[in-house]
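Have a look at the structure below before the remarks.
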Amino acid sequence: MRVVQLSVPPDQRDTVLGVLDEYDFGYTVAEDDGAKDGHDLVTFVTPADAVEHVLDDLEAKGYDRTTYTVSLATEFANFEGIDGVQDQWAKTPNKIAPETLRSKAKDMRLNTRSYLWMMVLSAVVAVSGVLTGSPAVVVGSMIIAPIVSPMLTASVGAVRDDRGMLIDSIHQQLIGLGMAVVAATAFSVLVKQFFAVPTTLDITSMQLVAGRLAPSILSTIIGLAAGAAGAYGLATKGSVSIVGVMIAAALIPVAAVSGIGVAWTQYIVALGALVLLVLTMIAVNVGGYLMLRYLGYRPDDVDEGLFARPSGRQALVVAGTALLVVAIVAAVGFGSYRHASFEQTVNDATTDVLQQPEYDRLGITQVSTEYTSVGPFGDPSTVTIALSRTDNGSYSNLPAVLDRSITERTGENVTVRVRYIDFDTSDRLDRANQTGGAAMAPVGDG
């Protein structure tokens, strides 16, 4: 529930109260107690979802909502008909008022010092989790990091044409992620120098690193969906789900992998993770913006507009940023499409080969592809196929067969590696027969 206060001139008092009566809201009127001389202070209680509708109706009747409008959260309220009002709006998934959205978004932001410290500490935790192979610690680092708050604030600023909010939020994102990468690099160097982990560690073979070496279509989809989910929670009566968005976006572990790559002089790994980090950041912002647009949020007449003031420097910064974003998204999208097409063809070729009768005791567990470089333009070099095997048969010619099939279909000259995962399977039928035979054996006479 919300308590809304309005400063209403005497000639609009009956009109305002008439609108409130139509909604069956409880209200009070304090005469000559408004924000301006001669105005009355009208206070009414409304469900949070109804605030925007009421203000829109009042504005349509001539009330100037910019005169004095305050919306406050309230624990409970009692007035005649409150149960019916709450039941009516409880079933309506409406969005909150634009003013409430802006205020709610701004309240999520930390001060710069606290924000940067949290980013640095979360990066340290993420590096520790990645190097020790602990997914739980990595998840903890995502929860600590406050990076999603400025992302959602940027989406609100963009959809409301609030230049100041948008620029501040983007600046905070860039500074925060930059600090996270620097902190991850410095901490990784210290860990390596003090032999906390083997200095010859093959970081690319680590499971928590391997999945964060380069952007992909799925990583972009995850970022878009996470941003959309956070924006939906922010703009409706649902919870913001900020922790869930942080975990889904998984930005801090990527920053940690970038720092680890620098410390281990694996600069291709660092660059690939950095590209993934930037793309995911963009995806979360775009996802939040698109969701807010879908929910119907638009700029008000009082909003100054993102390009309202003609400034050469600002225009240059905005244009350069836009071109950079478009270039990154286009490059990653093109490269991801090439990789996805190749991997799909490899999967089809592998499936067709293993459907042959001589391989009926094998099952596909995983197909992975390594590229000549980390990034969207790397060419495929090695295909590793993990197969489950339930017999002791030897398939020495299988890698060559798979190699020929993949080369014919893709036109790429790659190395094919086959890894077998052996399983010993009990014979349930024989065991059942033995059990049954024992049960039916005749019992000798005593």
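The values are calculated or read from the model by the stated rules, or taken from the named source; none is laboratory data. Fair warning: this is a prediction, and the values are worked out from it, not measured in the lab. Note: ideal-geometry Cβ built from the backbone for every residue, glycine included; neighbour counts use all protein chains shown.
Against the list (1) under 27 Å from Gly333 (Cβ atoms); (2) modelled with pLDDT of 90 or more, the condition Phe377 fails is (2).
Please work out if Glu99 is outside any loop (DSSP other than H, G, I, E, B), buried (at least 19 other Cβ atoms within 10 Å of the Cβ) and touching an Asp or Glu at 6+ places or on another chain (Cβ under 9 Å). In short, no.
Number of residues in segment 72-92 that are of a type in the set (Val, Ile, Thr) and over 37 Å from the mean Cα position of the chain (by Cα): the value is 1.
With respect to the stated conditions, Thr204 fails to be without any contact (Cβ under 8 Å) to a residue 60 or more places away in the chain and β-branched (Val, Ile, Thr).
Look at Gly18 and say whether it is out of contact with any strand residue (DSSP E or B) (no Cβ under 9 Å at 6 or more places or on another chain) and surrounded by fewer than 19 Cβ atoms within 10 Å (Cβ to Cβ). Against the criterion (out of contact with any strand residue (DSSP E or B) (no Cβ under 9 Å at 6 or more places or on another chain) and surrounded by fewer than 19 Cβ atoms within 10 Å (Cβ to Cβ)), Gly18 qualifies.
Restricting attention to segment 410-446, the residues that are under 21 Å from Thr365 (Cα atoms) and modelled with pLDDT of 85 or more total 8.
Being among the charged types (D, E, K, R), assigned to a helix (DSSP H, G or I) and either outside the structural domain of Val254 (by TED's automatic domain parsing) or without any contact (Cβ under 8 Å) to a residue 12 or more places away in the chain (or both) is true of Asp83. Scanning segment 150-170 for residues that are in contact with a Ser or Thr (Cβ under 8 Å, 6 or more places away or on another chain) and crowded, with 24+ Cβ neighbours inside 10 Å yields Pro150, Met151, Thr153, Ala154, Gly157, Ser169.
The lone criterion from (1) touching a residue at least 60 places away in the same chain (Cβ under 8 Å); (2) over 20 Å from Ser169 (Cα atoms); (3) under 18 Å from the mean Cα position of the chain (by Cα) left unmet by Gly230 is number (2). Screening Gly178 against (1) assigned to a helix (DSSP H, G or I); (2) out of contact with any Ser or Thr (no Cβ under 6 Å at 6 or more places or on another chain); (3) in contact (Cβ under 8 Å) with a residue 60 or more places away in the chain leaves a single unmet condition, (3).
Checked against the criterion of being assigned to a helix (DSSP H, G or I) and buried (at least 17 other Cβ atoms within 10 Å of the Cβ), segment 36-45 has no qualifying residue. Taken as a whole, the structure leaves Ile247 outside the set of residues that are within 21 Å of the chain's Cα centre (by Cα) and either at pLDDT 85 or above or in the same structural domain as Ala50 (by TED's automatic domain parsing) (or both). Scanning segment 268-298 for residues that are among the β-branched types (Val, Ile, Thr) and either over 19 Å from Ala123 (Cβ atoms) or outside the structural domain of Ser149 (by TED's automatic domain parsing) (or both) turns up Ile268, Ile282, Val286.
Residues that are in contact with a strand residue (DSSP E or B) (Cβ under 8 Å, 6 or more places away or on another chain) and either part of a helix (DSSP H, G or I) or buried (at least 17 other Cβ atoms within 10 Å of the Cβ) (or both) within segment 86-96 comprise Asn94, Lys95, Ile96, listed in sequence order. In segment 151-164, is there at least one residue being farther than 17 Å from Pro47 by Cβ, in contact with a helix residue (DSSP H, G or I) (Cβ under 7 Å, 6 or more places away or on another chain), in a helix (DSSP H, G or I) and of a type in the set (Lys, Arg)? No: segment 151-164 contains no residue that is farther than 17 Å from Pro47 by Cβ, in contact with a helix residue (DSSP H, G or I) (Cβ under 7 Å, 6 or more places away or on another chain), in a helix (DSSP H, G or I) and of a type in the set (Lys, Arg).
There is no residue in segment 55-71 that is assigned by TED's automatic domain parsing to the domain that holds Pro10, in a helix (DSSP H, G or I), within 37 Å of the chain's Cα centre (by Cα) and touching a residue at least 60 places away in the same chain (Cβ under 8 Å). Checking each residue in segment 39-53 for being within 33 Å of the chain's Cα centre (by Cα) and either more than 19 Å from Thr236 (Cα to Cα) or of a type in the set (A, V, I, L, M, F, W, C) (or both) picks out Ala48, Ala50, Val51.
When the residues of segment 1-15 are filtered to those that are surrounded by 17 or more Cβ atoms within 10 Å (Cβ to Cβ) and assigned to a strand (DSSP E or B), the one that is farthest from the chain's Cα centre (by Cα) is Val8.
Residue-level analysis places Val127 among those that are in contact with a Phe, Trp or Tyr (Cβ under 7 Å, 6 or more places away or on another chain), in contact (Cβ under 8 Å) with a residue 60 or more places away in the chain and over 28 Å from Leu292 (Cα atoms).
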